[in-house]
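The values are calculated or read from the model by the stated rules, or taken from the named source; none is laboratory data. A quick note: this is a predicted structure, and the numbers were derived from the prediction, not measured. As a convention, Cβ positions derive from the backbone with ideal geometry for all residues, glycine included, and neighbour counts pool all protein chains shown.
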């Protein structure tokens, strides 16, 4: 905790004065981000840093393995779906990016097989990505970790389209969906193209 408090003090002394006007405007007028990023909760993957985004520029959802569940309005607790609704319907973001990443622990556990325990949460959550695991193992790739990380992005994009208010906005071009993969080791961001392949950003 001491290092975090030290960081806060540096923020107040150095960064806050430089960004004070922007932050006061955001407090006064609210947030109007143009983009949303669904990213992993991994501490090494910071969407604001990767996209060099200022406060108020991107609305970020983070969870284990950057997964989007299918639309299930059943009255249960759906944190990711609630955040999606807020970003898409209330804030009106124009671009929605699902960003996977290298060395993802959730994907590693998915490929290895996660032991289900009565009081556990990770195994049921990662079962959402079972289709990505099955597709990966079916093609027997040289690098199953990377392929499965990319497959979870494709799966989440498919699940996004199960939400009616996302389908409507994509259809009338108010919203664009994107897939991305970030390599921690190299810092390279790859985007999912119309051909279904990931290619590094030039």
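Would you check which residues across the range 59-96 are in contact with a helix residue (DSSP H, G or I) (Cβ under 6 Å, 6 or more places away or on another chain), crowded, with 16+ Cβ neighbours inside 10 Å and outside any helix (DSSP H, G or I) and list them? Within the range 59-96, 59, 60, 61, 63, 67, 68, 69, 93 meet the criteria.
Contact map, the range 144-167: first residue within 17 Å of residue 193 (Cβ to Cβ) and in the same structural domain as residue 62 (by TED's automatic domain parsing), second residue modelled with pLDDT under 95 and assigned to a helix (DSSP H, G or I), Cβ cut-off under 8 Å, separation 6 or more or different chains; pairs are 147/139. Taking the conditions exactly as written (in the same structural domain as residue 71 (by TED's automatic domain parsing) and surrounded by fewer than 16 Cβ atoms within 10 Å (Cβ to Cβ)), does residue 131 satisfy them or not? Yes; evaluated as a whole, the condition is true for this residue.
Of all residues in the range 142-172, those satisfying the criterion of being closer than 23 Å to residue 70 by Cβ and either at pLDDT below 95 or part of a loop (DSSP other than H, G, I, E, B) (or both) are 161, 162, 163, 172. Residue count for the range 58-85, restricted to those that are more than 19 Å from residue 41 (Cα to Cα) and touching a strand residue (DSSP E or B) at 6+ places or on another chain (Cβ under 9 Å): 0.
Scan the range 13-52 residue by residue and report those that are more than 15 Å from the chain's Cα centre (by Cα), free of Cβ contacts under 8 Å to residues at least 12 places away in the same chain and under 26 Å from residue 157 (Cβ atoms). The answer is 52, and nothing else.
The number of residues in the range 169-202 being surrounded by 12 or more Cβ atoms within 10 Å (Cβ to Cβ) and farther than 24 Å from residue 48 by Cα comes to 2.
Return the only residue of 199, 194, 123 being assigned to a helix (DSSP H, G or I), without any contact (Cβ under 8 Å) to a residue 40 or more places away in the chain and over 17 Å from the mean Cα position of the chain (by Cα). Steps first, please.
Numbers: 199 fails: assigned to a helix (DSSP H, G or I); 194 fails: assigned to a helix (DSSP H, G or I).
After applying the criteria, what remains is 123.
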